[in-house]
Amino acid sequence: MEKYNHNDIEGKWQKIWEENKVSKIDKDDTKNKFYMLDMFPYPSGDGLHMGHTESYTASDVYYRFKKMQGFNVLHPQGFDAFGLPAENFAIKTGVHPAQTTEKNISNYIKQMKMLGLNYDFDEQAVTSDPKYYKWTQWIFQQFYKNDLVYQSTQKANWCSSCQTVIANEQVLNGECERCGTQIEQKKIPGWFFKITDFADDLINDLDKVDWPEHTKKNQRNWIGKSEGAKIKFKLTAHRSQLTANEIEVFTTRPDTLFGATYMVLAPEHSLVSELKDQITNWDEVEEYGIKAQNKTEMERIEGKEKTGVKLEGISAINPANSEEIPVFIADYVLVNYGTGAIMAVPAHDDRDLQFALQKDIEIKPVIAEVKSVDEIIPGLAELKIKSARESGFATIGFGLLMESGQFNGMNSEEAKKKITEFVGGEMTTNYRLRDWSISRQRYWGCPIPIVYSPEGKATLVPEEHLPWILPIDVDFKPKGVSPLGASKEFKERTEKIFGKGWTPEYDTMDTFVDSSWYFLRYPDALNDSEFCSEIRKKWLPVDLYIGGAEHTYMHLLFARFFTKAMNKIGLLDFDEPFLKLRHQGMVLDAQGKKMSKSKGNVVNPDDMVKSFGADSVRTYMLFAAPLEDEVMWNEDNIVGVYRFLEKVWFTKDELKEKSSEDVVRELHKTIKRMTKGIDELAYNTAVSDMMKFINTVKKSSISKEDYQTFLTILSPFAPHITQELWHQLGNESLIQDESWPKFDESLSKDSIHKIAVQVNGKVRETIEIEEGTEEEDVSKKALASELIKKWLEGKEPKKIIYVKNRILNIVVESNE
RNA sequence: GCCUAGGUGGCGGAAUUGGUAUACGCGCACGACUUAAAAUCGUGUCUCUCACGGGAUGCGGGUUCGACUCCCGCCCUAGGCACCA
């Protein structure tokens, strides 16, 4: 008996597969197409991590399964190669990001091949490659021409010491992660994509796609559509004299207008400075404004503590009841959501209530959560106030209006419109989604193909000059402007083409732009004259997309936006990029902790493959937990899968003329379950089904033919060992020649069922019945059992419930 | 704080979607083989009880003949929160 030597087998077949180019497909043949897409990795210096390993194996299994089912499967891979880590590395070491990236990519490819992942690396998409980003820039141009791009400013975290914008995640307790300097919020000018134009489509079209429900829910919440009203409040100053100023608020609850007992403006609201002369505590107001400016958005909205400052000398008039109410600025109101101002109804909004309790503002309930007027008891308002003060929670439900003048007794929904009308407001829709700011003050990104005239007017770089190449003569150290500003070549190139005094745009694009369309490139990755030819576009859209749940919001939303925008322009004839989406969970260490370099608990797939083989690593990754759950990488457990493969290996030496009947039945059952299981990406149970099968075989006997069928269904998980055995049995190429086996429905079912017999819901006996036994006969058999007779204690059954082939419940009495 | 998901043996997990809770794997214990060990094979392994039986799916309630599964209220963990990818 020959030992199972995974290293020899895997190396040998990987070499043969590469030489025979088994990953090549005819891309012009889209008749029976299936587009299987992976989220492409950022090629970091740490190499492929275990999360990639799981996700890519999952897709590789599905790819092999579909291929065996006769589909022409596109299964590409590429690299999201622009990004900050390479740039930071360059700042530290001076090594150019292009060099780092190239090195990392070749390492990634080596690792992917080592895992037996079958990609065609001749046609990749590498976002930092000018051949790729030429089309990123070209799409930017199309967006620009179609009025989907504009210039504006946005607040960002600014580190004055590093002289650069930094991400929220690099801000620790308000300080720069790198140098500890206090972070300020600075207004940065830049380019924006009009994603909000598509807000409604981005919500509604989720109905068209097969995605996890929670992912859809998250996207809807992120877009945050809310129906409400805009209502204007007049302002008074100097002992209640009306001023010319008004505050417009956005509210989703205009029905509670009579309960608005104060107003809040975002500290940055333009009206605040306009009212400077009327505000008698200006110093305090200004100081608060500066503090709020330097908080990140999350610091402002998190936590129960609400802060704010009353604008002394100013009041507003509640347009519903003409009452004079105080006006505050508070940082829990954000300037870029709604109108940047709110009417506050502490009785019916938790945040308003918290603020009101701190500032001792009147709480005025105006909604009774009841269905009929009779249920509104006297003193209800007082009760509600008391409960709000004690619990800290407002009542936010709907119901009938009270304490609201002529609207008393009206239901909330109707009152929304009526009250809005009454005060001259307007019903409107508001979104949480903001336009996409794509400018980054970074080097290692796609240059924005814009140049400025000496007068400062922005113009597109004409298509003939694309790719608008990222200059290489730069110093990576940030100096307050984008690194591209330091390039002599870039400036000279611009002046040479456009004339003296012209300057290029120095910012690069958000790397999310690159990854928002890469899947459109794969079908025709080598095309120099189009981003994708009409023939190759038939591969699109993606049939199945697998990737991490951490991309639930941004990447997936941006890619959907790109698809919709390109559809609108006429570049694509579909408007959803990913028909089916599934996530893979995170891979944690054996203690359930996230793997990170700083913790020193990173597991390297190379080492795992060396010790256990790619087949074991692949199969174990998928066996350890459901795909979408977290996987704890426990090295001790992988031996179970290794032993399973060894059993498969040695079974080759024990083949018999004929399979025993239980093996035949188990085989058909296993094929049936695997066919369904792989299709649903329920890989963990699919692997356990195969283990059960082998356990049956060990106790029985299997023929060569049935053994080969089993190798076929195992091959997507463990392609190397199955191919080797396939070869040893005298066959050619499993992956290229074999099709997915069919199962015999009648053989896949048990003929005898063990069913549980319950008395009053408790299992008291198990009986065996044949397939197709009538309910009556099942009852008879059960009632004839001595054990059951004993438990019935001679009482008459009240009710008998039979669930086919599963359970029979005899109800004698309820337990009273 | 807000949005979303999840809590089942010593551990990873299974449960035909409301029908015999703990499949499969790891670990552990005992046995076989061995001078011995490793490997392999076999048996056992939720818990309390001598037993008859009873109790367990994060905690507390509810619906049902029957609840890991559905409903209500808590607690804990994870992901995301717009310049990391």
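From the Cα gyration tensor of segment A:22-161, with a ≥ b ≥ c the square roots of its eigenvalues, which class applies: rounded if a/c is under 1.5, or else prolate if a/b is larger than b/c, or else oblate? Because a/c hits 1.5 or more and a/b fails to exceed b/c, segment A:22-161 counts as oblate. Computed over the alpha-carbon atoms, segment A:710-772 gives an Rg to Rh ratio of 1.34, Rh here being the Kirkwood radius from the mean inverse distance. Distance from the alpha carbon centroid of segment A:522-586 to that of segment A:187-214 works out to 14 angstrom. Is the C-alpha gyration tensor of segment A:505-583 telling us rounded, prolate or oblate? Criteria: a/c under 1.5 is rounded; beyond that, a/b larger than b/c is prolate, otherwise oblate. In terms of gyration-tensor shape, oblate.
As a test, work out the antiparallel percent of DSSP beta bridges whose residues both lie in chain A, rounded to the nearest 5.
Roughly 75 percent of the DSSP beta bridges within chain A come out antiparallel.
Taken one residue at a time, the phi angles of segment A:682-693 give Karplus couplings (6.51, -1.76, 1.60, θ = phi - 60°) of 8, 6, 4, 6, 4, 5, 5, 4, 5, 5, 4, 4 Hz. Gly and Pro are set to x.
Based only on Cα atoms, what mean projected area does the convex hull of segment A:424-507 have, in nm²?
Averaged projected area of segment A:424-507's Cα convex hull equals 9.0 nm².
Can you pull out the trypsin sites (Lys or Arg not before Pro) in segment A:358-405 whose DSSP state is coil and whose Cβ has at most 15 other Cβ atoms within 10 Å? Taking segment A:358-405 and a limit of 15 other Cβ atoms within 10 Å, the loop trypsin sites (Lys or Arg not before Pro) found are A:371.
Rounded to the nearest 10 degrees, what's the angle between the helix A:638-651 long axis and the longest principal axis of chain A, both from Cα atoms, 0 to 90? Once rounded, one gets 30 degrees. Value of Rg to Rh for segment A:375-464, rounded to two decimals, is 1.37; Kirkwood radius and Rg both from alpha-carbon coordinates. Using the Cβ of residue A:439 as centre and a radius below 10 Å, the other residues enclosed give a net charge of -1, where K and R count +1 and D and E count -1.
Loop-resident chymotrypsin sites (Phe, Trp or Tyr not before Pro) (DSSP state other than H, G, I, E or B) in segment A:347-453 with no more than 13 further Cβ atoms inside 10 Å of their Cβ: A:393. Ellipticity at 222 nm from helices only: DSSP H runs of n ≥ 4 in chain A, each -39500 (n - 2.57), divided by the residue count, give -11000 deg cm²/dmol. For segment A:559-626, the percent of C-alpha pairs falling in each 10 Å distance bin, counted from 0 to the bin holding the largest distance, reads 16, 29, 19, 21, 15, 0. Be a star and scan segment A:74-90 for residues whose amide nitrogen sits under 15 Å from the point 7 Å along the Cα-to-Cβ vector of residue A:606. Correct set: none at all. Under a plain spin-label model, where a point goes 7 Å from the Cα along Cα-to-Cβ, how far apart in nm are residue A:680 and residue A:110? For the pair residue A:680/residue A:110, the computed spacing is 4.1 nm. Using only the C-alpha atoms, the convex hull of chain A corresponds to 230 Å³ per residue. Compared with the dominant principal axis of the Cα atoms in chain A, helix A:350-359 is inclined by about 40°. For segment A:240-352, just say rounded, prolate or oblate: build the C-alpha gyration tensor, square-root its eigenvalues into a ≥ b ≥ c, call rounded for a/c under 1.5, and beyond that prolate if a/b exceeds b/c, oblate if not. Judged from the Cα gyration tensor, segment A:240-352 comes out oblate (a/c at least 1.5, b/c at or above a/b). Loop-located trypsin sites (Lys or Arg not before Pro) in segment A:9-41 (DSSP state other than H, G, I, E, B) with a sparse environment of at most 13 neighbouring Cβ atoms within 10 Å: A:21, A:24, A:31.
Go through A:669/A:704; A:217/A:418; A:15/A:672; A:155/A:364; A:27/A:134; A:12/A:131 and tell me which ones have a Cα-Cα distance over 28 Å in this structure.
Numbers: A:669/A:704 18 Å; A:217/A:418 31 Å; A:15/A:672 33 Å; A:155/A:364 36 Å; A:27/A:134 22 Å; A:12/A:131 34 Å.
The answer is A:217/A:418; A:15/A:672; A:155/A:364; A:12/A:131.
Full extension of the chain between residue A:163 and residue A:391 gives 77.4 nm of extra length, using 0.36 nm per residue less the Cα-Cα distance.
Diffusion coefficient of segment A:311-413 by Stokes-Einstein, Kirkwood radius over Cα pairs, 10 °C, 1.306 mPa s: 107 µm²/s.
To the nearest ten degrees, helix A:84-93 and the longest principal axis of the Cα atoms of chain A are 80 degrees apart.
Available extension along the chain between residue A:295 and residue A:248 is 14.5 nm, counting 0.36 nm per residue and deducting the alpha carbon span. Which far-off residues, 5 or more places away or on another chain, put their amide H under 5 Å from the one on residue A:628, with H placed in the peptide plane? Counting only residues 5 or more places away or on other chains, the set is A:585. The translational diffusion coefficient of segment A:672-714, from Stokes-Einstein at 10 °C and 1.306 mPa s with a Kirkwood hydrodynamic radius over alpha carbon pairs, comes to 146 µm²/s. The packing ranking of peptides A:272-282, A:546-556, A:709-719, highest mean first, is A:709-719, A:546-556, A:272-282, where packing means the average number of other beta carbon atoms within 10 angstrom of each residue.
Modelled spin labels at residue A:628 and residue A:225, positioned 7 Å past Cα toward Cβ, are 2.3 nm from each other.
The Cβ shell under 13 Å around residue A:623 holds other residues with a net charge of -1, Lys and Arg each +1, Asp and Glu each -1. Among the lysines, which fall within straight-line cross-link reach of residue A:216, defined as a Cα-Cα distance under 27 Å, with same-chain neighbours fewer than 8 residues apart omitted? Within the straight-line cut-off, residue A:216 pairs with A:33, A:66, A:194, A:208, A:225, A:537, A:538, A:564, A:568, A:580, A:594, A:676.
When only alpha carbons are used to place a centre, segment A:35-103 and segment A:151-165 end up 30 Å from one another.
Model label points for residue A:594 and residue A:312, set 7 angstrom from Cα along the Cα-to-Cβ axis, are 4.6 nm apart. Lys and Arg at +1, Asp and Glu at -1: add these up for the other residues within a Cβ distance under 14 Å of residue A:662 and post the number. Neighbour charge sum, excluding residue A:662 itself: +4. Packing order of peptides A:691-700, A:262-271, A:799-808, highest average first: A:262-271, A:691-700, A:799-808 (average count of other Cβ atoms within 10 Å over each peptide's residues).
Values in this text are rule-based calculations from the coordinates and carry no lab data. Computed from a predicted model, the values in this text were never measured in an experiment. For neighbour counting, all protein chains shown are included, and Cβ atoms are generated from backbone atoms with ideal geometry for every residue, glycine included.
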